[in-house]
């Protein structure tokens, strides 16, 4: 079942998303770790959508997400709250580019 409509709606965007998922699957078949697969998927999205990596924000909720954003060469942001609260010391240790109290905080990051 296809995902709910979004700003990436349409057959081209859907095919690009499926292509990234396929690339991630191929990486797993090449015996890459899940972390390497995530960074590769981020890079594939940046390349597929032809956007600048230094203008791309990867939002996660763990220290692993910060590490993968860095490996992919994109800006890292962490939504603190929920499970992230239990691991804030690890998140701070990875030095994310941005910490967000809410997704509304992302608007401030985009304006920077």
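Just so you know, all these numbers are worked out from the coordinates, no wet-lab data involved. Everything numeric in this text was worked out from a predicted model, so none of it was measured. With ideal geometry, Cβ positions are generated from the backbone for all residues, glycine too; neighbour counts draw on all protein chains shown.
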TODO: Report the label-to-label distance for residue 57 and residue 104 in nanometres (one decimal), using points 7 Å from each Cα along the Cα→Cβ vector.
DONE: 1.5 nm
Open item on the list: Translational diffusion coefficient of segment 63-112 at 25 °C, 0.890 mPa s, Stokes-Einstein with Kirkwood Rh over Cα pairs, in µm²/s as a whole number.
Closed with: 222 µm²/s
